[in-house]
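The structure under discussion appears below in the form of structure tokens.
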Amino acid sequence: MSALAGGPSTPRSRTSFAPATPAGVANVPRSVHSGTVQASPHYQTSRRHSLYGTEDRIVIDPGSRIWKVGFSGEGRPRDVFAVHPLWCLQRSPDPIQRDEDDRVLAARVQAHLRAAFHDSLLTEPKSRKVIIIEHPLLPVYVKDIFAKTLFENLQVPSISFASSHLLALLSVGRITGLVLDCGELESTALPIFSSRPLFHQLRTTPLAGARLTSHLRALLLLFGTFVPPPTSLSAAVNMPTSSCSTRVPLEVLSDAVLEEIKTRCSFVGESLDGALGPGIVSPSDEDPMDLDLPPSDTAPSESEFSRVSADRDSNAGPTSSDFSVVSQAQILPGRSSRDEHQLQALANLYMRHSTATNLHLKVTPPASQQAGTGQGTLIIPGWIRERGSELLFEGGDVDEGSIAETILDCLLKIPVDLRKTLASSILVTGGTAMLPGFIPRLHVELIRAIVTSPSSSPRPPIAPGRPRPPPYDRYAVLRPLVPHFAILNNPSPPPPSNARGSANAGKAPAFTPATMAWVGGSLAGALKTGGAEVPREKWDEAGGLPDSGDDAMEEDDVAGRSPANVIPDWTRTPLPVGAPPANPPPPQMREATLLAVVGA
Amino acid sequence: MTPTVLYHCPCLSSDPIPPPPNAPSSSYQFHPLHELFFCEECDAVRCNRCVSVEVSGYYCPNCLFEVPSASVRAEKNRCARNCFMCPCCRNTLSVVPSDPSDADDGRLLTGGLGVVGEPPFFLYCNYCRWDSAEVDVTFEKPTGLAAQLQRFEDSAPDSLEFERLKEHFEPFLRASSSSGHPQATHSHPAHINPITAAASSALARDIPGVVKYTPAPRGRRDKGPRDELSEYRSRVEVAGTKDTSNVDFVRRLEEVSQVAALSQRWTSSWTTPLRSSDLRPSRIPLRSKKTKRCSTCRHILIKPEQKAQSVRFKIKLVAANYLPAMSIAFPSPDLARQRAAGSRQTAAEDTSGASGLQAGGTYPFQLALTNPLYDPIKVRLKAEPQVPPPSFTAPAGGSPEKAKRPPFVVRLPRPESEIPVAAFAEAWEYEDDEDMFGGDDDELGLERERGGGGGKGKGIGVIERRANVTVVGGEVVIGRDAKGSIKFNMLVSYTYRSDDPLADEEFTFYTVVDLGVIIPRVGVESITSD
């Protein structure tokens, strides 16, 4: 709050938050949104004298790639910085290696947190409460590392963990909605109703920023052109560039270059609906996969959770190979000649339909060609800029559904009476959603996935349009919702239909998708709410963490009792949010949940 | 790469013994000596990772103006004077008056006087020629520009929208907190009965849904704890923000530089155009002068002088004043060449010993210990063995137990042997030692030659003492099939005279020595010819 520093503040907020009046303190709102058994923040009336009011909290949105830090009550983060990828979807199975990885992670998190406080925010951590914006699938061990560093190294007075999806929803003035976060490692859809995240309805897909990066890299390796720097300055004048252009060497496509291509050159073109049937996009070898499709709307939650964890396991492999991500994760490098042929067909198709200009990007030539003068040129075909992101919308894979499918799967799991409400308040956040054209395209894809249920298109040749009773028509039950679909932050919403909910589209304030979670965190801090707050005393009482291997212990512990459980996490709540089941959840389900979270 | 010696600070792990030097976590625990502090109370090394940092003053790095802490917050940690950063190249912008409309001589005059000029002033980048008139940022006066820009910032759409959001949520929060006790119980997760929690959650969850379908006039008290949040009406809706034009813009892009880089727009939380031509100047972020304390005993380790211009410290307990400084070097190349003249064809290419650590070779190195204390110290060195096979003295390769061998073996003076290092003294006290240096070089060279001959112990040991520096010779024997870099942990302990005249005190610390990367063998004759 800016009451102390005399910034712009409404008189009302001044009175209601003046810590001198006990009434004002009593009025401090309790948790809006924290899970039912999570603590609501409790504010002490004592205020230390410091530069900022003690009620100004530090809001940190630590991603695996990009961190946003700032003070609560402000409309934008003070600083944003990129970090070398901190964690990924896998952990080493070898315990020694894992311990070593954890030590490295702890050291790097510590360095970044210290830099955030001392260099970006120029503030003393000792008097600053901290809100950490957490992704619902942020591994618990990472949270523990954050808590350990903040409490023991920086000695902050308290930490709140707040769900990124919920905060994003706050930033558009809502507490109910279906939030899709398309970040670096994963795209995660999480329904939130009346400020309660329905964590158990969460759906996720690894089609997100990192996958897009490796897809772009693969496309550029195949279809990009590299013009090495001319060997001499006179050669630059005399030689036509076409004569010396080569395929793109792998070294040229550094992470920085790809990031540049992704963030500055890429966009999402309109759907090639008519020209591009789903049969062309998806390779033919996915027929057997469809048989595995579970009837997800009726499946009990146990199997769903084990599926989540299975998803995460199965995508551990393919990410390592560049070629495997070109079109479908199933393709092995050994079969690449056939795939290349297929890719060529795909490329031709995209090329025909793309009007995007080819771009020339100056890049550092690989070490072997350093002899030349100046920088090499990478020629990025326009269709790659436009269609590289098609990857995110290519569905049909059981393990890695498209982003639209992830949202729809999530909707299928939501109780029927909430579906309409949530379908008409979809919010898209995350850095990858910053691609121009992403959100309008997602809307189109959502509708398309329902109307032409993609999984019904293969084997039994059914007339396009509305197949009668196809065996695998997953989204049939959602079909009546089609007129209600609305993405809140759709910058170019379709003309509203007469359905009530669809009027929501585009009504959100124009915060960027990438910063929504941070803005929500700042808002939560200013409103004195936020996730469950862990004061330092509690941490100290618990004696910190048992150094490692605490995951195994948590499973048998009742949440909130053991010292390792100081840090709240939804996977540690004793019961799933919702109606109380007759029996406590079976232990294997807790394990599956935990595995899903840890990503082990 | 020159060989380095880094010093250990054990703050990251509970184990005082550092990890093996090849472990990835090792690099986070070792620091250059000049970055370390020394806490006299705890008698321990402290590093930048474990000290607690306090801000002792804010200043602008450009105008060196000390910013009073009261205004730091309002100015959002940025300079509130005339310091601006170019949005394209981050260079400092200068304030430039407009060209006078009529006379040329007028321009000359104003150019000389600097600040006097025609009223519309603008910011200009001397490096990339960006100027703020391009983005319609001009000023009436050449001073107090930040205040003039502040008006734009205060009315920025994100902060206005943010205030509106706050107003939107406040009544709702107040309503939901003032009514009903269920929330009060929620604040104590540890004591709550899970059944109650679940039940109340189930109840609470239904209520807003019910409310939703029976919209009633606002009577918050009647509606139960979780009143429905009224519809939020955005100040600026995202639908009005021309995303399609962005798509078209990127589609027709000719030059990558037309699009602003991610780092230029990612702090903006508001949907902004992608064009780099729309970027606005930003005020220069302030820096802080930091006081650092030992995190265990709270004593100040370093405290800068208040003034921004001053680079001195009021308190400065740096480790370089307590621990012996160590630097490592290979003997100068001409010596090396002399030594290996017969056997090495490629010697001419080797500019230094460090660039030529061939597998299978034996390389002497020199470790210089510099004593910062006013008392003489005695140092003992112990290289942590990779795997200690005592038989690995003869460099003749091809033995069957190749696999078991460590990639290299480091030979230093025996751990028990104490290496004396003379006390530090001011420079003028060393006059007498002048002639010592000349003689030393010869001696050194001779000793090198003998040491290179392969016999153990010849080149190892103290080879030079002058002033407060003692040079110790060591040797690294690299296995024939070794790969990777030569890095080893070294335990250094030194005794110094304490306040108690009878007993000397000892201090021990770890270092990691990085000698460089081994060049794998490519069929070269064994360098160490006997």
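Just so you know, all these numbers are worked out from the coordinates, no wet-lab data involved. Keep in mind it's a predicted model, so treat the numbers as computed, not measured. Because the Cβ atoms are built from the backbone with ideal geometry, glycine has one as well, and the counts that use them run over all protein chains shown.
Students often get this wrong, so check it: of A:K68/B:K290; A:K362/B:K483; A:K129/B:K487, which have C-alpha atoms separated by over 30 Å?
A:K362/B:K483; A:K129/B:K487
Sequence-distant or interchain residues sharing an amide H contact under 5 Å with B:R480, placed H: which?
HN-HN under 5 Å from B:R480: B:G360.
For a footprinting-style exposure proxy, rank A:H118, A:H165, A:H135 by other Cβ within 10 Å, fewest first.
With the sparsest Cβ surroundings first, the list reads A:H118, A:H135, A:H165.
Which distance in nm do the two modelled labels at B:K314 and B:D504 give, with both placed 7 Å along the Cα-to-Cβ direction?
About 3.8 nm, to one decimal.
Can you give the net charge of the other residues whose Cβ lies under 10 Å from the Cβ of A:P535, counting K and R as +1 and D and E as -1?
Net charge in that neighbourhood comes out at -1.
What residues have an amide H closer than 5 Å to that of B:R466, excluding those fewer than 5 places away on the same chain, when H is modeled at 1.01 Å from N in the peptide plane?
Answer set, sorted by chain and number: B:V471.
What list do you get for A:L349, A:L422, A:L169 if you sort them by fewest beta carbons within 10 Å? Please report the intermediate quantities before stating the final value.
Details: A:L349 17, A:L422 26, A:L169 29.
If I rank by nearby Cβ atoms, fewest first, I get A:L349, A:L422, A:L169.
Within the set of other residues whose C-beta is less than 13 Å from the C-beta of B:L36, count the net charge using Lys and Arg as +1 and Asp and Glu as -1.
+3
Would you mind computing, in nm to one decimal, how far apart the modelled labels at B:D99 and A:K126 are, each placed 7 Å from Cα along Cα→Cβ?
With each label placed 7 Å out from Cα toward Cβ, I get 5.8 nm.
Order these peptides, A:100-106, A:389-395, A:194-200, A:90-96, by their mean beta-carbon neighbour count within 10 angstrom, highest first. Mind showing how you got there, number by number?
Details: A:100-106: 18.6, A:389-395: 23.7, A:194-200: 21.4, A:90-96: 11.9.
Put in order of decreasing packing, that is A:389-395, A:194-200, A:100-106, A:90-96.
Just add up the charged neighbours of A:L122: K/R +1, D/E -1, any other residue whose Cβ is under 15 Å from the Cβ of A:L122. The partial results should precede the final answer.
Values: positive: A:R78, A:R114, A:K126, A:R128, B:R73, B:K76, B:R78, B:R283, B:R287, B:K289, B:K290, B:K292; negative: A:D56, A:E74, A:D79, A:D119, A:E124, B:E54, B:E66, B:E75.
Result for the local shell: +4.
Round to a whole angstrom and tell me the spacing of the C-alpha centers of the range B:63-84 and the range B:356-381.
That distance is 48 Å.
Tell me, in nm to one decimal, what length is gained between B:Q148 and B:C128 on full extension, where the rule is 0.36 nm per residue of separation less the Cα-Cα distance? Please report the intermediate quantities before stating the final value.
On the way: separation 20, 0.36 × 20 = 7.20 nm, distance 2.40 nm.
Stretched fully, the B:Q148-B:C128 segment lengthens by 4.8 nm.
How many angstrom separate the Cα center of the range A:393-456 from the Cα center of the range A:60-125?
About 30 Å separates the Cα centre of the range A:393-456 from the one of the range A:60-125.
For A:E134, enumerate residues with amide H under 5 Å from its amide H, sequence gap 5+ or separate chain, H modeled in the peptide plane.
It is A:A162, A:S163, A:S164, by chain and number.
Report the calculated FRET efficiency for B:E40 and A:I96 (r = Cβ-Cβ distance, R0 = 35 Å), to the nearest 0.05.
FRET efficiency, B:E40 to A:I96: 0.40.
According to a simple spin-label model (label point 7 Å from Cα along Cα-to-Cβ), what is the distance in nm between B:R235 and A:H341?
6.0
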